[in-house]
Amino acid sequence: MLRRWIFARRFATKTRLPQGRTLEAPPMNDSELLEAIEKDPEIVNDRKWRSSYYHQLSQLSGVLDTRFQEKLQKNLRKIESYNVRINTPIEERIRVDLTKENLTFRDFYSNLLVAKAIENSTGITTPTEFQKRIFALASGYVSTVAVGEPGTGKSTALFTHGLFLRRAPARGEGINSLVLVNSGLQAVQMRKYAEKVYQSIRRVKPKSLPNIQTMAQFLYRADQQTEEQQIKDLMDTPCPHILVSTPQRLLDLLATRGMDFMKVNSLAYIGVDDIDHMMDTDAPVDAQRKTAIVKLLDYVLKLQDYRRFHNEPHPQLLFTTTAPTPRSFLDELQDHTQWFDWSKFHEMGSFTRGNMADTCVVPKNVGVGCVLVRPSMTKSNKVRTNLVSMKAPNYGERHDWEQQADGEAAYVEYWKRKRSLMDKPVREGELAVLVSGLVKLLKKQKQNFQKTVLVIVSDETSVFQVQGLLAKLGKNVEVFNGQENATAAKKGKLLIANVKTVEGMTFKSLDTMVVLGLDALRDTKTFVSLCGRFRNESGLIAQDQFGLVDDEKEVKNKMIILSPVLDVGEEERNHLHRLCLRGGLVKWIDVVGVSE
Ligand SMILES: Nc1ncnc2c1ncn2[C@@H]1O[C@H](COP(=O)(O)OP(=O)(O)OP(=O)(O)O)[C@@H](O)[C@H]1O
């Protein structure tokens, strides 16, 4: 204060101190000093000093005002639209009219280059009903957990949204979108889609993307060479527009290479495909803290929160799940995770309140039948196999369905206990019985097995055991390795797969599936997922196949469950009954014509 006063005084009076003399501080406090300045005639009455001061001040504020006005004018529209958007309910933020007929990708996204590339390379022009709804939400930068039926284009939607989503320059350098998938095979399936789109973009605009790694990269567990290539690609191109990964692979890389290598701290969008296969949607989140997906999302979203201190908007989150998914799952996410920005969340699809789904989640054209295999010894010590169809479950009255659909958790516990008591020779014996049952079925019903048959077993070891046993019997067998055209109609071909590897995979034109043993059908989730593998030529399931539970059903595709008769007691029968009930009163078929 004192210094300022001395300066002001000197400036006003233009007096100079004689050399060598220092000013002594006047013995007064601040308010006395202020009073002294105001009363000092040399300052107050010096009109020249005052007018020069005010002149400079007005010039300065004039410049500042014009700059401010210019900036304001430039951003007024943005500010207004931000204010409007932030105060509008989520439904109104959606900019697409879903009632319009013949909607195409171009109605949802403005990037014509990408839309055309998708159309030209994959033939996909019209979004499915599921895709229309999720794209509409996505267009308003809304986050969701989307419940959809199998084969309605869920995975394609997640990846496609990532393709279209532009990166705001304010986000700085980094990976724009992260899409998490359940298995390496699903990542490979997505890579094939990406490659087609990339080639098509390059044909139209050769210089737009230097290589596919700029557009998308894929991380999953594979052989050493492939894994090394994945790392090299990330080193060469550290910020792809989309990164697709399995949760465990990304966690491993984050743990070993760190965040500087995996630039996932400024994401605009995170898509999680089939969250119900990565988490148990019926169980509390706290009981699943150690699962890869929960650990990864906890970590990655905390990183984004750190960015938000720098005014970055929270990433958009799109999760997909296949019905039936309980409403309690949403409550769990809300109470026990910090993943979503709930002010920008809107649910999609119908979450179940009870045990019974309201609509058919197993397509109406899928029929299910169980064949009991009864082995016996002939007098000459040869094994003979008899096949009988299990009798159809009785669905009873509508008011009993909810109660009959109850008890899955108890069955899973029962099944685990039972399996833990079975030793290796017993399991191998059971598999041999099932294989002999399968061979007999194929022989007896040749006319019903004209195309490739998908044979499902419960684990990887069984895949190779069954392959060995069938090969010995001279059968044409192949192990499923993720090839899309693996089901191309081929008379009498058997394609063997572990139940885990077919989740999320597309089998075009498949019409017959044989499930070897009830071990592969532990719960409704697996059952619904398997029944969703029967696709039409485009790889989808038509929307009209998911009607009301008690709609008319006309079987075109068959799921045949083989089980040794000794393995089927009251618990197992109830389980099969419950699966068919929860899938939407699935139609039961008599496979061998001889009922028990
Ligand atoms: N709008 C569309 N039009 C035509 N084909 C499509 C469309 N969307 C996706 N497809 C094709 O349908 C097949 C299945 O798509 P996708 O894997 O996305 O379905 P999904 O719902 O994720 O299946 P799942 O039930 O296995 O999770 C793929 O081959 C994909 O290319």
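What's the number of the condition V477 fails, among (1) among the aliphatic types (A, V, I, L, M); (2) touching a residue at least 24 places away in the same chain (Cβ under 8 Å); (3) more than 15 Å from the ligand (Cβ to nearest atom)?
Every condition holds for V477 apart from (2).
If I ask for residues that are aliphatic (A, V, I, L, M) and over 22 Å from M259 (Cβ atoms), which ones from segment 279-305 would you list? Talk me through it step by step, then tell me what you get.
Kept after step one, since they are aliphatic (A, V, I, L, M), are these residues of segment 279-305: 279, 283, 285, 287, 292-294, 296-297, 300-301, 303.
Once the filter is applied, which keeps residues that are aliphatic (A, V, I, L, M) and over 22 Å from M259 (Cβ atoms), segment 279-305 yields M279, A283, V285, A287.
Residue by residue through segment 460-502, note down the ones that are at pLDDT 90 or above and within 24 Å of the chain's Cα centre (by Cα).
Those that are at pLDDT 90 or above and within 24 Å of the chain's Cα centre (by Cα): F480, A497, N498, V499, K500, T501, V502.
Of everything in segment 262-273, what is at pLDDT 95 or above and open to solvent by 10 Å² or more (accessible area, probe 1.4 Å)? Give them in sequence order.
Listed by number, the list is empty, since nothing qualifies.
Do we have K379 as more than 28 Å from P150 (Cα to Cα), in a loop (DSSP other than H, G, I, E, B) and charged (D, E, K, R) here?
For K379, the condition - more than 28 Å from P150 (Cα to Cα), in a loop (DSSP other than H, G, I, E, B) and charged (D, E, K, R) - is met.
Conditions first: (1) open to solvent by 10 Å² or more (accessible area, probe 1.4 Å); (2) modelled with pLDDT under 90; (3) within 24 Å of D406 (Cβ to Cβ). L566 passes all but one, so which condition is the exception?
(3)
Taking the criterion of being away from the ligand (no atom under 16 Å from the Cβ) and either crowded, with 19+ Cβ neighbours inside 10 Å or under 21 Å from T524 (Cβ atoms) (or both), would at least one residue in segment 316-323 satisfy it?
Of segment 316-323, the ones away from the ligand (no atom under 16 Å from the Cβ) are 316-317.
Applying the additional criterion that residues be either crowded, with 19+ Cβ neighbours inside 10 Å or under 21 Å from T524 (Cβ atoms) (or both) yields 316-317.
For segment 316-323, residues away from the ligand (no atom under 16 Å from the Cβ) and either crowded, with 19+ Cβ neighbours inside 10 Å or under 21 Å from T524 (Cβ atoms) (or both): present.
Quick one: how many residues across segment 360-382 are open to solvent by 20 Å² or more (accessible area, probe 1.4 Å), at pLDDT 85 or above and over 19 Å from L566 (Cβ atoms)?
The number of residues fulfilling the criteria is 2.
Would you say V591 is under 24 Å from W401 (Cα atoms) and not in a strand (DSSP E or B)? Even if it seems obvious, please write down each step before you answer.
Numbers: under 24 Å from W401 (Cα atoms): no; not in a strand (DSSP E or B): yes.
Taking the combined requirement at face value, the residue does not satisfy it.
Quick one: what pairs do we get from segment 151-173, first residue without any contact (Cβ under 8 Å) to a residue 60 or more places away in the chain and open to solvent by 30 Å² or more (accessible area, probe 1.4 Å), second part of a loop (DSSP other than H, G, I, E, B) and of a type outside the set (K, R), C-beta under 9 Å, 6+ apart or different chains?
Here the result reads T156/I124; T156/T128; T156/G539; R166/N111; R166/N176; R166/A268, each pair linking segment 151-173 to a residue that is part of a loop (DSSP other than H, G, I, E, B) and of a type outside the set (K, R).
Taking the condition more than 16 Å from the ligand (Cβ to nearest atom), hydroxyl-bearing (S, T, Y) and open to solvent by 10 Å² or more (accessible area, probe 1.4 Å), does T385 pass? Don't jump to the end; show me each part of the working.
Details: more than 16 Å from the ligand (Cβ to nearest atom): yes; hydroxyl-bearing (S, T, Y): yes; open to solvent by 10 Å² or more (accessible area, probe 1.4 Å): yes.
Yes, satisfied.
Looking at K451, K444, which one is open to solvent by 70 Å² or more (accessible area, probe 1.4 Å) and among the basic types (K, R)?
On the way: K451 fails: open to solvent by 70 Å² or more (accessible area, probe 1.4 Å).
K444 is the lone residue from the list that is open to solvent by 70 Å² or more (accessible area, probe 1.4 Å) and among the basic types (K, R).
Using the structure shown, decide if T156 is under 24 Å from F507 (Cα atoms), in a helix (DSSP H, G or I), within 16 Å of the ligand (Cβ to nearest atom) and hydroxyl-bearing (S, T, Y).
Details: under 24 Å from F507 (Cα atoms): yes; in a helix (DSSP H, G or I): yes; within 16 Å of the ligand (Cβ to nearest atom): yes; hydroxyl-bearing (S, T, Y): yes.
In short, yes.
Does at least one position in segment 95-103 carry a residue that is within 16 Å of the ligand (Cβ to nearest atom), open to solvent by less than 90 Å² (accessible area, probe 1.4 Å) and at pLDDT 85 or above?
yes
Here is a list of conditions, (1) of a type outside the set (D, E, K, R); (2) in contact with a Phe, Trp or Tyr (Cβ under 7 Å, 6 or more places away or on another chain); (3) loosely packed, with under 13 Cβ neighbours inside 10 Å, and V244 meets all of them except one; can you say which number that is?
All conditions pass for V244, except number (3).
Mind listing whichever residues of segment 109-138 are open to solvent by 20 Å² or more (accessible area, probe 1.4 Å), within 12 Å of the ligand (Cβ to nearest atom) and part of a helix (DSSP H, G or I)? Break it down into steps so the answer makes sense when it comes.
Here is the first cut: in segment 109-138, the residues open to solvent by 20 Å² or more (accessible area, probe 1.4 Å) are 109-113, 116, 119-126, 128-129, 132-133.
Then keep just the ones that are within 12 Å of the ligand (Cβ to nearest atom); that gives 119, 121-126, 128-129, 132.
Across segment 109-138, the qualifying residues are E119, S121, T122, E129, K132.
What are the residues in segment 434-459 that are modelled with pLDDT of 90 or more and in contact with a Leu (Cβ under 7 Å, 6 or more places away or on another chain), if any?
L434, V435, G437, L438, V439, K440, L441, V453, L454, V455, I456, V457
When residues of segment 135-145 are filtered for being out of contact with any Phe, Trp or Tyr (no Cβ under 7 Å at 6 or more places or on another chain) and either closer than 21 Å to F507 by Cα or modelled with pLDDT of 95 or more (or both), how many remain?
0
Look at segment 177-209 and say how many of its residues are assigned to a loop (DSSP other than H, G, I, E, B) and buried (at least 18 other Cβ atoms within 10 Å of the Cβ).
Of all residues in segment 177-209, those assigned to a loop (DSSP other than H, G, I, E, B) come to 181-183, 205-209.
Now narrow it down to the ones that are buried (at least 18 other Cβ atoms within 10 Å of the Cβ): 181-183.
Number satisfying all stated conditions: 3.
Going by what's in this entry, would Q465 be described as open to solvent by 10 Å² or more (accessible area, probe 1.4 Å), more than 16 Å from the ligand (Cβ to nearest atom) and assigned by TED's automatic domain parsing to the domain that holds G429? Break it down into steps so the answer makes sense when it comes.
Details: open to solvent by 10 Å² or more (accessible area, probe 1.4 Å): yes; more than 16 Å from the ligand (Cβ to nearest atom): yes; assigned by TED's automatic domain parsing to the domain that holds G429: yes.
So Q465 passes the test.
Taking S350 as meeting all but one of (1) of a type outside the set (K, R); (2) surrounded by fewer than 22 Cβ atoms within 10 Å (Cβ to Cβ); (3) assigned by TED's automatic domain parsing to the domain that holds I134, write down the number of the exception.
Among (1) of a type outside the set (K, R); (2) surrounded by fewer than 22 Cβ atoms within 10 Å (Cβ to Cβ); (3) assigned by TED's automatic domain parsing to the domain that holds I134, the lone unmet condition for S350 is (3).
So that you can scan it fast, the table gives a plain yes or no per residue for (1) in a strand (DSSP E or B); (2) hydrophobic (A, V, I, L, M, F, W, C); (3) at pLDDT below 95; (4) within 22 Å of A168 (Cα to Cα):
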{"position": "P238", "(1), (2), (3), (4)": "no, no, yes, yes"}
{"position": "R249", "(1), (2), (3), (4)": "no, no, no, no"}
{"position": "D260", "(1), (2), (3), (4)": "no, no, yes, yes"}
{"position": "L301", "(1), (2), (3), (4)": "no, yes, yes, yes"}
{"position": "R307", "(1), (2), (3), (4)": "no, no, yes, yes"}
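May I ask you to list the residues in segment 388-397 that are farther than 17 Å from K587 by Cβ and loosely packed, with under 12 Cβ neighbours inside 10 Å? Even if it seems obvious, please write down each step before you answer.
Initial filter on segment 388-397 (farther than 17 Å from K587 by Cβ): 388, 397.
The answer is E397, and nothing else.
Take the conditions hydroxyl-bearing (S, T, Y) and either more than 24 Å from L113 (Cα to Cα) or open to solvent by less than 10 Å² (accessible area, probe 1.4 Å) (or both) and apply them to T214. Does it pass?
Values: hydroxyl-bearing (S, T, Y): yes; either more than 24 Å from L113 (Cα to Cα) or open to solvent by less than 10 Å² (accessible area, probe 1.4 Å) (or both): no.
It is false that T214 is hydroxyl-bearing (S, T, Y) and either more than 24 Å from L113 (Cα to Cα) or open to solvent by less than 10 Å² (accessible area, probe 1.4 Å) (or both).
Take segment 139-153 and flag every residue that is more than 10 Å from the ligand (Cβ to nearest atom) and either β-branched (V, I, T) or in contact with a strand residue (DSSP E or B) (Cβ under 7 Å, 6 or more places away or on another chain) (or both).
First, pick out the residues of segment 139-153 that are more than 10 Å from the ligand (Cβ to nearest atom): 139-147.
Within segment 139-153, Y141, V142, S143, T144, V145, A146, V147 meet the criteria.
The values are calculated or read from the model by the stated rules, or taken from the named source; none is laboratory data. Since the structure is predicted, the reported quantities are computational estimates derived from the model, not experimental observations. All Cβ positions, glycine included, derive from the backbone under ideal geometry; neighbour counts span all protein chains shown. When the accessible area is computed, the model is the full protein with side chains, heavy atoms only, and any ligands, DNA or RNA have been set aside. Shrake-Rupley method; radii C 1.70, N 1.55, O 1.52, S 1.80 Å.
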